[in-house]
Amino acid sequence: MELLKNARNIHVVICSGTTCYLMGASELFGIEKVLEESLASRINLEGSPCMNLCKGGSYGKAPFVKVNDTLISTATIPKVVEEIRRQASL
Amino acid sequence: METFIEVDHHQCPKGSYRMEGDIFLSKKILPENRVISVLSDGLGSGVKAGVLSTLTATMAITCMAGNVPIERAAQIIHQTLPVCSERRIRYATFTIVDVRGNQEVRILEYDNPPYVLIRDGEIVEVQKTVARLPSRYGRKTTISLSSFVAKPGDRIIVFSDGVVQSGIGTPAMPLGWGTEGVKKFLQEVVQRDPTLSARELAHTVVRKSLWNDALEAKDDITCGVLYFRNPRRALVLTGPPVAIERDKELASIFSVYRGKRIICGGTTATILARELGKQVRVCLQNIDPEVPPASEMEGADLVTEGILTLGKTAELLDGNLQGRTHRPSTKNAAYLLMEQLLNSDIVDFVVGTRINEAHQDPSMPMELEIRRNIVKRIAQLLEERYLKEVHIQFI
């Protein structure tokens, strides 16, 4: 039961708005493929039509990904994987 | 009841040819409320036949639009066509359908299989008069003329001999499908699905002909359909309104619209979801490297990203997609949008004019077009090439 409760407890949201997509979000959607099974099974991947973060530049630059409450700007697969690992080990 | 003429066609080239020798061309003359369609079949196959039929159809449409008398038009066409190097004759068949005021139909036929008129699920035989043109070139040239007043729900179906002769020599239909076979099929299909679109019907006929030929067409196969129907509408909302105060207005346009409701734009979708208290869910299947994934929202028939998707849809509409069996390998959001647009008769665009400053960043890997310009381009394609009615409103 404990295991089930912990399963899929990392929520990953990838912005698929115009700016993010153009800056590389399309590759980020492949994130589950690069994670080992034990981690891949714990993430809950979701897309967002637009997180509205690209305007003004106060959040950094696109593409944007959220791993639970942590926002990653200029997101790349290694950066997102690193954050997922960090949160998984908490 | 308001009627709209949905015009579409489908075709498939002979055997391994890459280009059809038949053509189906249409033109809408808005000030006269007139639609003219021409089906022409050029002598032979491939590029040469394609040139003959394209020349014929283009001239026929131009002559009809300019109200040139029929005999004169036929003469002009005949004198202009190049002589086939193998057969030493100039020849391309044609069927011209000229509709005024959405109902007055005049049809001129020269050597194509006779057209079919379906009304209330039944085939209607229209009286035809035969006119003989001066046979200056040693061939007897007769043209058949017919006219009638179309009723809502009518369908006019024209097709090339590749349809009638499909299946020829096969054990199932040694003499080919035949005019009667085609008629029976058309009637069955329409009775089964009384609101079947012109687009689908043309497709169905070509598909069946191709099956008759065991999937390798023995001749160019073309079917064009004019369907007098109650217009199907689609609303496309794209871009956030110029001021936040107008978000509610946008949401109400969306809510009261009767027809398909499409949203193109991440911010636009977010605004509508907020105003209407709905959830937007991005579909993560079939991620396409160029076109962002579509989303789902209750009450919307399609939700896509904005500029990239619209740009790709314009590209799809601009490529000579109409009438082809060729389909893109992935059904990305741009393809889904194109399908929605082509399945509609009247498209209402509501374009938000707020500029997304992030799109103006010079470090972007490609230039993002201004939304209004893409929408105008799509509107022009829909009107001119696909004979749709388009309205654009800015907010």
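Some observations on this one:
- Only one of the numbered conditions (1) within 14 Å of another protein chain (Cβ to nearest Cβ); (2) modelled with pLDDT of 90 or more; (3) open to solvent by 20 Å² or more (accessible area, probe 1.4 Å); (4) not in a loop (DSSP other than H, G, I, E, B) is violated by A:GLU83, and that is (1).
- Scanning region B:70-83 for residues that are in a helix (DSSP H, G or I) and either in contact (Cβ under 8 Å) with a residue 40 or more places away in the chain or among the aliphatic types (A, V, I, L, M) (or both) turns up B:ILE70, B:GLU71, B:ALA73, B:ALA74, B:GLN75, B:ILE76, B:ILE77, B:HIS78.
- Total residues in region B:162-181 satisfying the condition of being farther than 17 Å from B:TYR115 by Cβ, open to solvent by less than 20 Å² (accessible area, probe 1.4 Å) and in contact with a Pro (Cβ under 8 Å, 6 or more places away or on another chain): the figure is 0.
- Residue in region B:185-206 that is modelled with pLDDT of 95 or more, open to solvent by 60 Å² or more (accessible area, probe 1.4 Å) and part of a strand (DSSP E or B) present: no
- For region A:36-59, the set of residues classified as part of a loop (DSSP other than H, G, I, E, B) and in contact with a Leu (Cβ under 8 Å, 6 or more places away or on another chain) consists of A:LEU53, A:TYR59, listed by residue number.
- Unmet requirement for B:PHE159, which otherwise passes all of (1) surrounded by fewer than 19 Cβ atoms within 10 Å (Cβ to Cβ); (2) in contact (Cβ under 8 Å) with a residue 24 or more places away in the chain; (3) within 17 Å of B:LEU39 (Cβ to Cβ): (1)
- Selection count, region A:38-69, where residues are among the hydroxyl-bearing types (Ser, Thr, Tyr) and farther than 22 Å from B:ARG281 by Cβ: 3
- When region B:340-380 is filtered for residues that are away from chain A (no Cβ under 14 Å) and under 20 Å from B:ALA269 (Cα atoms), the ones remaining, listed by number, are B:GLN340, B:LEU341, B:VAL347, B:ASP348, B:PHE349, B:VAL350, B:VAL351, B:THR353, B:ARG372, B:VAL375.
- Breaking point among (1) crowded, with 18+ Cβ neighbours inside 10 Å; (2) closer than 26 Å to B:VAL68 by Cβ, for B:SER147: (1)
- Filtered residue count, region B:276-296, keeping only those that are open to solvent by 40 Å² or more (accessible area, probe 1.4 Å), in contact (Cβ under 8 Å) with a residue 40 or more places away in the chain and facing another protein chain (nearest Cβ under 8 Å): 1
- Complete set of residues in region B:208-265 that are of a type in the set (Phe, Trp, Tyr) and in a loop (DSSP other than H, G, I, E, B): B:TYR257
- Selection status of A:LEU39, surrounded by 22 or more Cβ atoms within 10 Å (Cβ to Cβ) and either of a type outside the set (Phe, Trp, Tyr) or in contact (Cβ under 8 Å) with a residue 40 or more places away in the chain (or both): no
- Scanning region A:44-62 for residues that are touching a strand residue (DSSP E or B) at 6+ places or on another chain (Cβ under 6 Å), closer than 15 Å to A:LEU22 by Cα and either more than 8 Å from chain B (Cβ to nearest Cβ) or open to solvent by 60 Å² or more (accessible area, probe 1.4 Å) (or both) gives a single hit, A:MET51.
- Any hit, region B:317-338, residues being surrounded by 14 or more Cβ atoms within 10 Å (Cβ to Cβ), under 27 Å from the mean Cα position of the chain (by Cα) and at the interface with another protein chain (Cβ under 9 Å from one of its Cβ atoms): no
- In the set (1) in the same structural domain as B:PRO171 (by TED's automatic domain parsing); (2) at positive phi; (3) open to solvent by less than 10 Å² (accessible area, probe 1.4 Å), the condition left unmet by B:ALA214 is number (3).
- Residue satisfying condition, being in a loop (DSSP other than H, G, I, E, B), modelled with pLDDT of 90 or more and either farther than 30 Å from B:ASP193 by Cβ or hydroxyl-bearing (Ser, Thr, Tyr) (or both), within set B:ASN67, B:ASN112, B:ASN102: B:ASN67
- Single residue of region B:349-366 satisfying the filter (in contact with a Gly (Cβ under 8 Å, 6 or more places away or on another chain) and charged (D, E, K, R)) that is most open to solvent (accessible area, probe 1.4 Å): B:GLU357
The values are calculated or read from the model by the stated rules, or taken from the named source; none is laboratory data. Please read these numbers as outputs of a predicted model, since none were measured by experiment. Virtual Cβ from ideal backbone geometry, glycine too; neighbours counted across all protein chains shown. Note: areas computed on protein heavy atoms with side chains; ligands, DNA, RNA excluded. Shrake-Rupley method; radii C 1.70, N 1.55, O 1.52, S 1.80 Å.
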